[in-house]
Amino acid sequence: MPFDRSIKIAPSILAADFANFGAECAAVEAQGADWIHVDVMDGHFVPNITFGPATCAAIRPHIKGVMDVHLMIAPVDPFIDAFADAGADVLTAHVEAGPHIHRTLQAIRGAGMKAGVALNPGTPASAVAEVMDMVDLICVMTVNPGFGGQKFIDMTTKIKTLRDMIGDRPVHIEIDGGVDPKTAPLVAQAGADVLVAGSAVFRGGSVDDPTPYGNNIRAIREAALGVWT
Ligand code: DX5
Ligand code: ZN
């Protein structure tokens, strides 16, 4: 997985047909998705439950590119090896999920995955200052995690602060929540390179009619890139 700071669109399968994940992943990839974002929720760290490592393992063969697994669970550490075995390329844990984010990030890299750390909207950039050399990705939540389709919360100042903190390290800034063609330029301009989008990608399409997925992905990408042209 070579480092690439260009804009990447990562559809969140939280907005896909839960009875058809394999075909949905293949469909959005064929329509131009760069990464596939997989939201794992435990009903404890966040007020919703999705699925765990067994489902990730089942989805994996249907994804050609990067499987980006976002853990909204606490604790994290007992499950790291299971997500490595499931084939996650990037495994992201929340800094708020426990007292030992340093240990968690070490364990994620130790299990052979890229390590991500996520920050809730109420958590400042400084919360990850001491782990900057241990992460491959910082996920800035622009909604309170737990549900798709929520309203975007502007975290532009935090994104810019993180971009300065990252300096020339090969660390992605990912934005998760409420990303659409209107909000994408704001976060891209602030320094983000991975844009997660659930409802804004899957709306209007289906596995049998995937063209809207491609149009939606293109609209987000062009809006994000537009800031540079
Ligand atoms: C929220 C999840 C997001 C969510 C984004 O807890 O982490 O990945 O699916 O969905 P939209 O793009 O609909 O806000
Ligand atoms: Zn997510």
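All of the numbers you see were taken from the coordinates with simple rules; none came from a lab. This one's a predicted model, so the numbers in the text were calculated from it and none came from an experiment. In this analysis, Cβ positions are derived from the backbone assuming ideal geometry, glycine residues included, and neighbour counts consider all displayed protein chains.
For segment 205-215, putting each phi into the Karplus relation 6.51 cos²θ - 1.76 cosθ + 1.60 with θ = phi - 60° gives couplings of x, 7, 4, 7, 9, x, 4, x, 4, x, 4 Hz, in residue order, rounded to whole numbers and with x for Gly and Pro.
Would you mind counting up the charge near residue 50? Only other residues with Cβ under 11 Å from its Cβ, with Lys and Arg at +1 and Asp and Glu at -1. Its environment carries a net charge of -2. Each residue of segment 30-36 is assigned a 3J(HN,Hα), and the resulting list reads 5, 8, x, 5, 8, 10, 10 Hz, derived from the Karplus form 6.51 cos²θ - 1.76 cosθ + 1.60 (θ = phi - 60°), x at Gly and Pro.
Extending 7 Å from Cα along the Cβ direction at residue 199 and again at residue 85 yields two label points whose distance is 3.7 nm. In terms of overall dimensions, the C-alpha atoms belonging to segment 19-146 reach 39, 29, 27 Å along their principal axes, ordered largest to smallest.
Would you compute, from DSSP H runs of 4+ residues alone, the mean residue ellipticity of the chain at 222 nm, taking -39500 (n - 2.57) per run and dividing by the full residue count, rounded to the nearest 500?
Values: 8 runs with 71 residues, N = 229.
Rounded to the nearest 500, the figure is -8500 deg cm²/dmol.
The charge dipole of segment 86-229, taken about its Cα centre with unit charges on the Cβ of Lys, Arg, Asp and Glu (plus for the first two, minus for the last two), comes to roughly 140 debye.
Could you give the C-alpha radius of gyration of the chain expressed as a fraction of 2.2 N^0.38 Å, taking N as the number of residues it contains? Write out the running numbers ahead of the final one.
Working: Rg = 16.0 Å, N = 229, 2.2 N^0.38 = 17.3 Å.
The chain yields a ratio of 0.92.
Divided by 2.2 N^0.38 Å, where N counts the residues, the Cα radius of gyration of segment 155-201 comes to 1.12. Considering only alpha-carbon pairs that sit under 8 angstrom and 6 or more positions apart, the relative contact order computed for segment 14-104 is 27 percent. If R0 is 22 Å, the Cβ-Cβ spacing of residue 150 and residue 106 corresponds to a FRET efficiency of close to 0.10.
What pairs in 114/182; 64/114; 114/151; 64/151 have C-alpha atoms more than 19 Å from each other?
Numbers: 114/182 30 Å; 64/114 17 Å; 114/151 29 Å; 64/151 31 Å.
Cα-Cα > 19 Å for 114/182; 114/151; 64/151; rest within.
Amide H to amide H distances under 5 Å link residue 66 with 36, where only residues 5 or more positions off or on other chains count and H is placed in the peptide plane.
Could you work out the relative contact order of segment 137-177, using alpha carbon pairs under 8 angstrom and six or more residues apart, expressed as a whole percent?
On the way: 42 pairs, mean separation 27.1, N = 41.
Relative contact order comes out at 66 percent.
For segment 150-209, the relative contact order is 38 percent, taking Cα pairs closer than 8 Å that sit 6 or more residues apart in sequence and dividing their mean separation by the residue count. Charge dipole of segment 14-148 (Cα centre as origin; +1 on each Lys and Arg Cβ, -1 on each Asp and Glu Cβ, all else neutral): 80 debye, rounded to the nearest 20. Computed over the chain with a Gaussian network model linking Cα atoms closer than 10 Å, the most mobile of 129, 23, 88 is 129. Given in Å, the Rg to one decimal and the Dmax to the nearest whole number for the Cα atoms of segment 75-150 are 12.2, 34.
Using θ = phi - 60° in the Karplus curve 6.51 cos²θ - 1.76 cosθ + 1.60, the 3J(HN,Hα) couplings for segment 160-169 round to 5, 4, 5, 4, 5, 5, 5, x, 9, 5 Hz; x is entered for Gly and Pro. Taking the Cα centre of segment 1-63 as the origin and placing charges on Cβ (Lys, Arg +1; Asp, Glu -1), which of 7, 33, 22 is farthest toward the positive end of the dipole? After comparing all options, I get 7.
Output the direction-averaged projected area (hull surface divided by four) of the convex hull of the alpha-carbon atoms of segment 165-229, in nm².
On the way: hull surface 20.1 nm².
Averaged projected area of segment 165-229's Cα convex hull equals 5.0 nm².
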